[in-house]
Structure formats: C-alpha cells, structure tokens
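Structure first, then comments.
The values are calculated or read from the model by the stated rules, or taken from the named source; none is laboratory data. The model shown is predicted, which means the values in this text are computed figures rather than measured ones. Note that each Cβ is placed from the backbone with ideal geometry, even for glycine, and that neighbours are counted across all protein chains shown. Heavy atoms of the whole protein, side chains included, go into the accessibility calculation; ligands, DNA and RNA do not. Shrake-Rupley method; radii C 1.70, N 1.55, O 1.52, S 1.80 Å.
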Amino acid sequence: MSNILVILESRDGALRPVSLETLGAARQLADARGSQVLAVATEQGTYDAAALGAAGADKVLVADATAHSADGAAATTARVAKEQNCNLVMAASTVRGRDLGARVAALMGGGLAADCIAMDFADAASPTFTRPVYAGKAELKVRLANGVGVATLRGNFFAPAGRSSEAAVENIAAEAGKAHVSGISAQSSGRPDVAEANRVVAGGRGLGSADNWHMLESLADALGAGLGASRAVVDAGWRPHSEQVGQTGKTVAPELYFACGISGAIQHLAGMRGSKVIVAINKDADAPIFQHATFGIVGDVHEVLPALTEALAAVPS
Amino acid sequence: MDIISFVKRVPTTTTIVSIKDQQLDPQGVEYVMNPYDEFAVEEALKLRDEAGSGSVLAVSLSDGAAQKELRTALAMGADEALLLNNAEAGNIDCMTTARALADSIQGRNFDLLLFGKQAVDRDQHGVGPAVATILGVPCITEVVKLTVEGDKVIAEREVEGARETLEASLPCAITCQKGLNEPRRASLKGIMAAKKKPLETREVELAGPSMEIVEMALPPKRPAGRMVGEGAAAVPALIDALRGEAKVL
C-alpha cells in the first residue's frame with residue numbers, strides 16, 4: 001500500500017516539536033497499512049535520526065535549500081511524494097504547514113483536509129479525518145477522494161510514536177521557489193505562542209484597561225502559559241491580533257485555559273471550547289462563559305488574579 | 001495595477017450552528033462577505049489608488065446568492081465583478097473551488113491576486129495558495145503588512161512565536177490576515193455607484209470533488225463544570241481542584 005510522507009517544519013535550523021506529533025499520527029496509519037513513513041525536511045538543519053525514528057519516521061530526506069520558500073518546498077515535497085510512492089502527505093497545521101498543504105494538494109491533484117483533530121483508519125487506504133469547521137462550532141468527518149492529497153494536523157491532538165528505532169537520513173536536491181523568507185524575528189516576550197501553548201491565560205474587557213495586563217502576564221509567567229485575548233480587547237487596541245482567540249483569531253485547545261474577565265461571546269467560545277480544563281473568572285455570575293467552564297470563580301479579576309498568582313508561587317511544580 | 005480580489009459569501013461569525021441533512025441549517029442564518037475577504041478588497045482598492053491606474057475585479061463562486069457580496073465589493077470601490085455560478089458550489093471542497101477560480105481567470109492579465117487567509121465557514125486556508133500554485137505564480141499567505149515597490153513585493157506575516165518577512169515579484173498572490181488594514185464601509189454614494197458597475201454572471205462546471213464529507217456533527221458537549229466560590233477567597237479551592245481533581249497543576 002502507498003507510503004505516507006510527512007513534511008518536517010524547522011525554524012533557525014531546529015526541528016519544531018509539532019512535527020514529531022505528525023510523525024506519530026503517520027506511523028499509526030502506516031502500521032495499519034503495512035507501509036512506510038517518509039519525512040521530508042524542506043530546508044537544511046539539524047535532524048536527529050534517533051529522535052525522528054523514535055517519533056515514527058523510517059527515512060528522512062533533507063533538501064539542500066538554505067531558506068524557506070513555500071513554492072520551492074511544495075515542489076520538493078510533491079516530487080518526493082511521487083518518487084517514494086506516497087499518496088498521502090501530512091504536515092502540522094501551522095502557518096507554514098497550512099500554506100504548504102494547499103500547494104502540495106494542488107500539485108498532487110488531490111484533496112486537502114486542513115487542521116484535523118482526529119483520524120479513523122478502519123479503512124487504512126482512505127482514512128477518515130475529523131476537522132472543526134465554523135471555528136469549532138461543528139465538526140466534519142471527511143475522506144480524501146481515492147485517499148490522495150494532504151492532511152494537516154492540529155498540535156496537541158496527536159503524539160509521537162515513542163518507539164526505539166533510528167531513521168535513515170539522506171540528502172536530496174531542493175526545487176527552486178519564486179517567493180522566499182528573507183528575515184525572521186522571534187517574539188521577545190519569551191512566552192509560548194497562544195496557538196501552541198499547553199496552558200493559556202486569556203483576558204477580556206473585564207480587565208478594565210490595557211494597563212492592567214501586567215496581572216495576566218504575572219499569572220501567565222507563574223504557569224509558563226501563553227497569553228490570549230478576546231476579540232473585544234483586540235479591537236479596542238489593548239492587545240495585538242496575534243493573541244486573539246476565537247473566530248477571526250486563533251483556535252486553541254490547551255490542557256488548561258484561564259478565561260479572565262471574558263464574558264464568553266459565541267465567537268470566543270468557538271475558539272477555545274476544545275481546551276481540556278477551562279477556568280472562568282468573571283464578576284458577572286450570569287456570564288455565558290460559566291456554562292462552558294470546568295471551574296468558575298465569581299469575582300473581580302483585579303482581586304482574584306493577584307491572589308491566584310501568589311498562591312501558585314507556593315505550589316510545587 | 002490590475003488586481004483580482006476573491007470574495008466568499010459566508011454565515012456571520014455570530015451564527016449559532018445547527019445541522020440539517022449533514023449541512024448547516026440555513027434557517028435564520030445571516031450571510032455576509034467573509035471577514036478576511038474584506039481585508040483583501042480593502043488592500044486591492046488601496047494599492048490601485050496608490051498606483052493611480054489599473055482596476056479591481058471582485059470574483060466569487062457561489063450557488064447564485066453571492067451577488068449581494070459582490071455588490072458590497074463594488075460599493076466599497078471595486079471596478080467590476082464576476083459571479084461564477086454552480087448549483088453545487090455551496091458544498092464543494094476548497095481544492096475544487098480553487099480549480100474553478102483558477103480556470104475562470106486563465107488568460108486574464110493581473111499583477112496581484114488577493115484572498116482572505118481563510119473562509120470562516122470551512123476554515124481550510126487553502127484556496128489562495130492552491131489557486132496560485134495552479135496558475136504558477138508565487139504566493140505569500142496570512143500577510144499583515146504588504147509593500148509593493150515596482151515589481152517587488154515585500155510582505156510580513158506572523159508565524160507561531162515569530163514574525164517572518166517574505167519577498168516575491170509581481171505577478172503574485174497574497175492571502176490577507178487581520179491587521180493588514182481597516183476595511184472601509186461602503187458609503188451611500190458607493191452603494192448607488194455600485195448599481196451601475198458591471199457584474200458579469202457566468203455558469204461554470206466543477207471538477208469532480210477531491211474530498212468527500214462523511215458526516216457533519218456538533219462537537220461533543222463539554223462535561224458540566226462547577227463554581228468553586230466567590231472572590232479571592234476561592235483561590236485555594238480552585239488550586240485544590242486543578243491539582244487533585246483535574247490533575248493539571
């Protein structure tokens with residue numbers, strides 16, 4: 001049966017952890033098929049044969065490109081898919097992964113299932129993918145026609161295989177691209193991005209003003225969490241759009257989500273309802289957010305947040 | 001500068017989703033131009049006006065109903081509109097949409113193709129880069145800052161935890177992210193003028209689907225939660241619950 005090709009994502013030459021999760025999902029499917037998992041790194045970098053093998057890869061092909069070019073990377077990936085008999089390509093559902101996924105699907109003449117959160121491979125030749133639509137207000141189960149095309153997988157929903165096996169690593173030629181990344185600057189906050197964080201602390205209008213965000217930042221730092229914001233405070237200019245959670249922002253599903261001073265508009269709920277544990281803190285006991293929270297505190301965030309931050313400092317990690 | 005801007009008709013983001021016959025139940029649903037496509041139309045108008053020449057064409061594929069959203073684009077300031085009709089268009093996958101859109105503009109001259117980064121109904125993020133790939137033009141996705149200098153395109157986008165700068169040459173495709181601009185509202189004058197602007201309607205064929213929908217369902221219900229208390233006094237109880245009960249601390 002056809003092999004599976006995983007696109008590895010790296011930044012500054014280092015593999016991004018979310019790619020290991022994608023390898024794990026591909027491994028499960030390949031085992032059901034009795035086929036192989038190949039991985040393509042579309043630019044040069046450090047690729048650890050043991051870690052990639054453990055996550056699920058049989059073979060890793062490293063292209064000799066020196067900068068990220070989406071069209072170049074897509075052409076390289078489509079070529080490898082053809083050469084290596086792969087009818088399914090998988091990537092992490094990141095900004096780069098979503099971009100590449102659509103291009104590779106077009107080059108393969110296949111379908112695209114983006115941002116998948118589950119996979120059923122009872123029919124291993126053509127698995128069924130579950131993907132949220134309407135920002136998570138509904139879910140579609142979909143199949144690629146003839147099993148051909150691309151699936152991108154959301155972070156935190158799949159796990160690396162965890163086997164003891166080393167991948168073979170080979171170098172290959174990269175295809176040239178017309179557009180390329182000429183610069184990249186890391187965010188300076190040191191906090192994880194809200195879309196990838198395992199814990200998220202999000203704030204809304206209830207914080208009162210942009211000046212009060214230090215309370216959220218302190219709580220986030222005590223938890224090692226990423227910062228999120230409601231649409232209302234982004235539209236008010238209190239916080240950057242990169243932190244917005246919900247429809248027209250990011251969809252997140254961390255293990256622990258704090259909604260602080262957020263009433264719970266339907267657009268916001270859609271973007272975070274997949275979180276494992278939701279804590280809501282709001283002074284309005286009737287706020288819709290409480291109907292979706294695992295744990296709720298009715299109270300003023302200006303009092304509760306500092307107390308919470310202080311109490312967390314005493315909790316052994 | 002000749003720009004083609006793509007527009008999709010979608011349910012508003014305040015829509016409460018209910019399902020009928022494995023599709024969104026349209027009962028009571030209000031439809032609008034996809035919010036990300038508003039950024040694309042605005043950027044097209046801005047770049048046309050800065051260049052001082054050229055035109056903006058707004059294109060939509062729908063089952064006929066998107067005439068309203070194209071009139072909105074015309075009222076904002078687009079010069080002409082093209083409505084691609086197919087009775088099945090409401091329920092096709094994004095790659096099939098991309099193939100139909102690419103076909104519709106084959107042979108037409110353009111400097112820029114502008115798309116919303118995603119449609120807020122299916123959330124695939126696929127149409128822009130797929131159309132660009134089919135047409136063989138470079139594409140930069142999820143752009144929050146765009147500069148065009150002569151033939152050179154410089155764009156910035158936010159990736160997870162970092163900001164990338166990308167470069168390409170015209171002709172080029174761009175998908176637009178919130179933050180790129182503030183879309184204008186159509187003025188009364190614009191709405192009146194839009195009625196006289198050309199809106200061509202064309203029936204189109206669709207290629208076979210490249211993805212099949214097996215089922216549409218509402219997401220699983222969250223287990224009922226509970227209140228742990230009021231004010232700062234509830235903090236110890238919350239921490240106990242997070243550690244003991246939920247085991248996330």
Qualifying positions in the range A:55-87 - polar (S, T, N, Q) and crowded, with 24+ Cβ neighbours inside 10 Å: A:S69, A:T76, A:T77
Residue list for the range B:117-141, restricted to those being in a strand (DSSP E or B) and either within 19 Å of A:V150 (Cα to Cα) or open to solvent by 10 Å² or more (accessible area, probe 1.4 Å) (or both): B:C139, B:T141
Unique residue being assigned to a helix (DSSP H, G or I) and either touching a helix residue (DSSP H, G or I) at 6+ places or on another chain (Cβ under 7 Å) or not acidic (D, E) (or both) when the list is A:V80, A:V40, A:V62: A:V80
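Table: residues versus (1) in contact with a Pro (Cβ under 9 Å, 6 or more places away or on another chain); (2) hydrophobic (A, V, I, L, M, F, W, C).
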| residue | (1), (2) |
| --- | --- |
| B:V7 | no, yes |
| B:T14 | no, no |
| B:Q22 | no, no |
| B:Y36 | no, no |
| B:S62 | no, no |
| B:I92 | yes, yes |
| B:L101 | no, yes |
Output for the range A:137-189, where each listed residue is open to solvent by less than 60 Å² (accessible area, probe 1.4 Å), part of a loop (DSSP other than H, G, I, E, B) and more than 10 Å from chain B (Cβ to nearest Cβ): A:R154, A:F158, A:A161, A:S165, A:A167, A:A173, A:A174
Failed condition for A:M90, given (1) open to solvent by 10 Å² or more (accessible area, probe 1.4 Å); (2) over 20 Å from A:G183 (Cα atoms); (3) not charged (D, E, K, R): (1)
Pairs where the first residue, in the range A:22-34, is in contact (Cβ under 8 Å) with a residue 12 or more places away in the chain and closer than 17 Å to A:I7 by Cβ and the second is in a helix (DSSP H, G or I) and open to solvent by less than 20 Å² (accessible area, probe 1.4 Å), C-beta under 8 Å, 6+ apart: A:L23/A:L52; A:L23/A:A55; A:G24/A:A55; A:R27/A:A55
Residues located in the range A:265-317, provided they are β-branched (V, I, T) and part of a strand (DSSP E or B): A:V277, A:I278, A:V279, A:I281, A:I297, A:V298
Single condition A:L52 does not satisfy, out of (1) within 11 Å of A:M90 (Cβ to Cβ); (2) open to solvent by less than 10 Å² (accessible area, probe 1.4 Å); (3) not hydroxyl-bearing (S, T, Y): (1)
Hey, B:A234 in contact with a strand residue (DSSP E or B) (Cβ under 6 Å, 6 or more places away or on another chain) and not in a strand (DSSP E or B) or not: yes
Selected residue [part of a strand (DSSP E or B), assigned by TED's automatic domain parsing to the domain that holds B:I174 and under 26 Å from A:G110 (Cβ atoms)] from B:V10, B:V32: B:V10
Matching residues in the range A:254-263 - criterion: being part of a loop (DSSP other than H, G, I, E, B), in contact with a helix residue (DSSP H, G or I) (Cβ under 7 Å, 6 or more places away or on another chain) and surrounded by 23 or more Cβ atoms within 10 Å (Cβ to Cβ): A:G261, A:I262
Test result for A:H302, free of Cβ contacts under 8 Å to residues at least 12 places away in the same chain, farther than 19 Å from B:R222 by Cβ and surrounded by fewer than 24 Cβ atoms within 10 Å (Cβ to Cβ): no
Residue within the range B:145-157 that is open to solvent by 20 Å² or more (accessible area, probe 1.4 Å) and facing chain A (nearest Cβ under 10 Å) present: yes
Filter pass, B:P220 being facing another protein chain (nearest Cβ under 8 Å) and open to solvent by 70 Å² or more (accessible area, probe 1.4 Å): no
Residues satisfying the stated conditions in the range B:160-179, i.e. in contact (Cβ under 8 Å) with a residue 12 or more places away in the chain and either open to solvent by less than 20 Å² (accessible area, probe 1.4 Å) or outside any strand (DSSP E or B) (or both): B:L166, B:A168, B:L170, B:P171, B:C172, B:A173, B:I174, B:T175, B:C176, B:Q177, B:K178, B:G179
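The rows are residues; the columns are (1) of a type outside the set (S, T, Y); (2) touching an Asp or Glu at 6+ places or on another chain (Cβ under 9 Å); (3) modelled with pLDDT of 95 or more.
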{"residue": "B:G77", "(1), (2), (3)": "yes, yes, yes"}
{"residue": "B:N91", "(1), (2), (3)": "yes, yes, no"}
{"residue": "B:C94", "(1), (2), (3)": "yes, no, yes"}
{"residue": "B:S104", "(1), (2), (3)": "no, no, yes"}
{"residue": "B:D111", "(1), (2), (3)": "yes, yes, yes"}
Among the residues listed as B:E38, B:E30, B:E50, the single one being away from chain A (no Cβ under 14 Å), more than 24 Å from B:E212 (Cα to Cα) and either modelled with pLDDT under 95 or open to solvent by 20 Å² or more (accessible area, probe 1.4 Å) (or both): B:E50
Out of A:A259, A:A270, sole residue that is more than 10 Å from chain B (Cβ to nearest Cβ) and either touching a residue at least 40 places away in the same chain (Cβ under 8 Å) or of a type outside the set (A, V, I, L, M) (or both): A:A259
Of residues in the range A:2-19 being more than 22 Å from A:G183 (Cβ to Cβ) and part of a loop (DSSP other than H, G, I, E, B), the one least open to solvent (accessible area, probe 1.4 Å): A:S2
